[in-house]
Amino acid sequence: MKELPRILFIEPSAAPASSARQNLEAAGIKFTGAHAASREEVLRALSAFQPELVISKGSLPDLDEMEALRLSYCRDPRLPFLFYTDAKNAETAVQCLSAGAIGYISTKHPARLAAAVCEALEKGKPLRNSRPLKSARETKFGAEGPITAINEDKPNEQALRLTEKRYRFLNENINDIISTSDEEGTYTYISQSHYKLLGRGREVLGRSVFEHIHPDELASVRKILSDAFANGAQAKATYSYLHPSRGYIWLKSTGQRHTETIDTTSATIITRDISERKSAVEALRINEAIQICRETTKPIALLLTDIIMPEMNGKALENRVALLRPGIKVLFMSGYNEDVIARNGVIEERVEFIQKPFSKKELSTKIRRVLDH
């Protein structure tokens, strides 16, 4: 007989009026089911029942949705986890989805549940073949009711708890930032390190990931994230970010699309503060530019420089270069508009300036105008 797929239902009661189990049965989906209504039953079911899909419908008295997802992930990161929830739990569902669940289905749209389950089970066939169901002597559970008895697999449960503890430790203590966003670039999850590194915590959830990125890098970062959603490939970006107390700092982010269901697509992003390394590189470049001005015997007609840089702004660099090359022409560039730069006193009015982004033709025209002036 062909083995039926195993689905674990995490619900406060065994057979609520609109349970996920009843909806799947009504849709004609055949499966072997087990039900868990407490933390201990979830742990035992993950170990002994070895589900191929987990469906969670609401928090349990001693286990919320996010914790249930973590338990499932610690047991097997490949195990699909589907969230089936009432509208009032939408915010929590989005957080669970961003943390690794394969989908969020509202109970207002039960027809979508069957489609999502079929898709998850189809993708999970390799997992089913690699993890055979334990023998009847090892597991006992009611196919139509709550789990009544599952022989405890103490070594497996202890290993699961240890893995869970390690996962929580990493999430709370890792220096890099782990975050997720939707396709529009809206934060849906951040790790605790977000506040430590960027000076902003949970208040950024629901807001744009691009909000505090320097204008010079904004267009390129947007394109990188868009490309990552389009092709699913890993994407990397280096950019400056406005910290509330430190000013602009340099970050490096690596992101990849990781969740795609009929309802949503998300990206997971790992971000690292590279300000010290970037400042060291920029300092070397500035020193190299000054050294060239000092040592070369060839004439230098123009200095083209950014206005805002980690170690020295463009105006300060102009002053240094002018001592070595009196009369040198200077063209400033930035992602900020000219009025904002003038109001902040970075450069005076009536200086030569070109707004980023610009084309090669626009830059060439501007340089010619500066040199001919």
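Could you work out how far apart the two model spin labels at ALA301 and GLU183 are, taking each label as a point 7 Å from the Cα in the direction of the beta carbon, and quote it in nm?
About 5.0 nm separates the two model spin labels.
Among HIS214, GLN256, ALA233, which residue has its Cα positioned farthest towards the positive end of the charge dipole of region 174-273, with +1 placed on the Cβ of Lys and Arg, -1 on the Cβ of Asp and Glu, and the dipole taken about the Cα centre?
Highest projection toward the positive end goes to HIS214.
Each label point is 7 Å from the Cα along the Cα-to-Cβ direction; what then is the distance between the points at ASP372 and GLN256, in nm?
5.2
Ranking LYS315, LYS223 by Cβ neighbours within 10 Å, fewest first, what do you get?
Values: LYS315 17, LYS223 12.
So the residues, fewest neighbours to most, are LYS223, LYS315.
Read phi for every residue in region 212-223 and hand back ³J(HN,Hα) as whole Hz from Karplus 6.51 cos²θ - 1.76 cosθ + 1.60, θ = phi - 60°, with x for Gly and Pro.
10, 7, 4, x, 4, 9, 4, 4, 5, 5, 4, 5
So for each of 71-81, 40-50, 206-216 I average, over its residues, the number of other beta carbons within 10 Å; can you give me the resulting order with the highest mean first?
Those peptides, ordered most packed to least, come out 40-50, 71-81, 206-216.
Kindly list the residues of region 229-260 that lie in the label zone of SER279, defined by a backbone N under 12 Å from the point 7 Å along the Cα-to-C-beta vector.
Answer for region 229-260: 246-250.
How high is the FRET efficiency from LYS108 to THR238, r the C-beta distance, R0 35 Å, rounded to 0.05? Write out the running numbers ahead of the final one.
Values: r = 43 Å, r/R0 = 1.22.
The value I calculate is 0.25.
Where a number appears in this text, it was derived from the coordinates with a stated rule and is not lab data. Computed from a predicted structure; not experimentally measured. Cβ sites come from the backbone with ideal geometry, for glycine too, and all protein chains shown count toward neighbours.
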